[in-house]
Structures are given as structure tokens and as C-alpha cells.
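Heads up: the structure comes next, in C-alpha cells.
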Amino acid sequence: MSSTEEQHDALRSLLGAWALGACPAREAAELEQHLRDCRECAEEAARLREAAGWLSLDEPLDQPGSLRQQVLDWCLARRPAELPVPAWGMPYTAETAKLDALLRDLGPEEWQEVAELPWHGGTEWLRPAEVLGHLTAVDGFLALALGLPDPVPAAPGLPAARIGRRVPPQEPAAGPAVPRVPAQGGPYAAITARTARLVADQRGLAPQSVRSRWRRQAHDLVRGAALRPQGNTPVDYGFTVLPLRDAFVDRAFECFVHGEDVARAVAYPYDPPAPQHLRQMVELVVRLLPRALAGLRAARPEFAGVPAAPVGGVKAARRVRLMVDGPAGGEWLVPLDGDGLRTDGSDSTDGRAGRDGTEPVASMVLDGLELCQLAAAHRDPDRLPVGTHGDRAAVREVLHALPLLSRP
């Protein structure tokens, strides 16, 4: 081998270190001079430098959350769906896919982690497979409305077991035993009982089998939504009835909230909903807010407030102007005293002035994602950053009513 060939091979052996920026300055200068004259080494250097870029620690290894939607949009532009999913079904489609991507990456130890699921009536501590059991059980209300099989076994003759017993502690407790789930009943008894029966039924299954069952049902629900694009089918939750279009947004909302709960338990990043999907969740929360305000006044009379003075002999209704900031932004006029509630579930909470011409007693501004987190009882209403103007008691009334929309 000639000295020229030996020098060429010696310089070529430095290409890997040079691509990673780990080559000494003198050798790097000599190699770069060689690359100007050697086409073969220059092409190899370009390939290695490009590959090294993928190994950069400055870039996350996870794909951006918007990639899935971009791929779907590209595919649908080339070949439209035979049965397109209605716009109100898209948040559920996206959130179930996002949660499924997280669950596919969980290892055996991560499936044993316990997630904390707060709601306004207490806190549940569930493992990821049990969270899926809960989501599947509540999604079952939509399945029944669409004529699909109920995933929950029929109730036996004896009362259903308490949910608080469904997860044994991972380690012996250092102090007195604390119930994993506080005693529940009332309007949410059907949800808790259904969850308990399904979790008990799935207890012997591998976590990935539980995931597969939940995912199959989610696909069936989306196909059912595509066959009912108007979304008027009533869905009975036991404590309320929602039209199918609102029920799908409600299920997307809970899937996001509990997906984030699981991600937090396994220390995994989790993206918020896409702006157009978050906007639908915000709109649903605002439409349901008057019901929560009525429940707050019934449960806590100190929040009843002082009725507005009559205008022209007509009883004036108090209203708060709610301005939501961020990508899901919008403006609504929320009735505080029950005015505007309709039996069709579409409360009159738009941004226009009241029918009696009165101005709102207060205005409040907050971020759309924070609004949803508060509605899920994942934020403290007294600590949430909110811009206010006017009657602060009215604003406080709205903030304390929002968590009442949460449920087990």
C-alpha cells in the first residue's frame, strides 16, 4: 500500500469523529482539506453528518403531536373517507389514538404504576389498565346508545363491590390504611358500579389485552358516529342525558384528562389537545356551566349571590362575561341565576348582551386549557391565574362551580 493510500485511509477513518464534532482541530482541518479533493470521502462525510444530526440531544425523539393529523390530512386529500367522521367525533378519535400511543410504550413495571385521578368528590388511585377499564365502562353508555354491545358484565344479584378495593397497595403501608377511593354514590353510582364490575371482570387479563379491548371499542364508536353525522341520538349517563355529539366531546375530554394522569404517573410527556379539538371541549364546558352553577348554589348557599336589581319592572338576571384566551379562544355570556337554561341541553351562553339589556356584572379572562383543567378538578379555583373586572364574588362563583363538572 502506497503512502498516499495509507494517508487516504487514515483520513477516512476520522470521518465518524468529524461528523460528531469530536475530531481534534488540527486533524479536522487536514480532513476538510482532503474532502475538497476526494469526492468519495466527501459523499461519505455528508451522509455521516446528516446521520449525526438525528442523534442531536437538542431534538426530542418523540414525533410531534401534530404529525398524526398531518398524515391523516394528506391521506384524506388523496382519497376521501367513504364514511367521514363528523367534526364532533374528531377530538375523541385523536385523544384515544394519543392515549393508545402512550400505552403501547409502557413496560411491565410502568403498568404497575398508580395514577392519581382527582375529581370534585375525592381522588381515585388506579393503575393504567384500571383507568382503561373506567374509560371503557363510561364509553359503554355511548355504545348502548349506538346499538353496540355493552362492554360491562351484567350486575349480579349482590351489590357491586366498592371500587376502592379494586387495586391492592403495591407496598405495605407505613401508617393507617387510607381508602384508595372515597365512598361514592348519589348521581354517579351507576358509573362507579359499572367501572367496578368491568375492572373485576378484566382482572385476570394482561394489560395489553385490556388496552386492545378498549381500543376496539373506541374504533366501533367512531364508526357508529360516522353513521350518525347529525349527532342527535340521546346518550343516557344515568345522571344526565347528552346528545351524541356532546357525549363524544365529553368522552374525548375525559380521555385527555386521564391520559395525562397516566402520563404523569409514568413520567411521560403528554401533549394537550389540538386547538380545534380543545375549542370543542371549551364550548361544551361553557354550555354545561349553568348547570354546575345551579348545583353550587344548592350545595353551598353562600354562593347564591345577590340578585340584580329589576330593570323596568322586569327581573334582571346576573351574567358574567367569560373570555377564553389562547388557541381555543372565544367569548360567552354565562347566566349565573339559571336564566338561559334550555331543556335541549344547549344553554344560551353566547357573547351577546342579555335579553333584558343588562350588562354583565363581571368579566373574566383565562386560558382555555386551564379552564378545562379546572372543570376536571385538576386545578385549585382559588389559585388559578384569572383576569377579572367587576363583581369578584360573581367570578369566584363561576370558578368554584367549574370543578363540579368533574366526576369519577
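Among the residues of region 200-242, what is the count of those that are outside any helix (DSSP H, G or I) and within 20 Å of the chain's Cα centre (by Cα)?
2
Note on region 16-37: residues that are surrounded by 13 or more Cβ atoms within 10 Å (Cβ to Cβ) and closer than 11 Å to residue 52 by Cα total 5. The set of residues from region 203-217 being crowded, with 17+ Cβ neighbours inside 10 Å and more than 10 Å from residue 132 (Cα to Cα) comprises just one member, 217. I'd like to know if region 143-162 contains one or more residues that are under 23 Å from the mean Cα position of the chain (by Cα), surrounded by 19 or more Cβ atoms within 10 Å (Cβ to Cβ) and modelled with pLDDT under 80. So far as region 143-162 goes, no, none of its residues is under 23 Å from the mean Cα position of the chain (by Cα), surrounded by 19 or more Cβ atoms within 10 Å (Cβ to Cβ) and modelled with pLDDT under 80. Checked against (1) at pLDDT below 95; (2) buried (at least 20 other Cβ atoms within 10 Å of the Cβ); (3) basic (Lys, Arg); (4) under 24 Å from the mean Cα position of the chain (by Cα), residue 251 meets all criteria but (1). Whenever a residue of region 388-402 is in a loop (DSSP other than H, G, I, E, B), its partners that are not polar (S, T, N, Q), lying with C-beta atoms within less than 6 angstrom and at least six residues away or across chains, give the pairs 391/361; 391/362.
The values are calculated or read from the model by the stated rules, or taken from the named source; none is laboratory data. Predicted model, so just to flag it, every value in this text is computed and none were measured. Glycine gets a Cβ as well: all are built from the backbone with ideal geometry, and neighbour counts include every protein chain shown.
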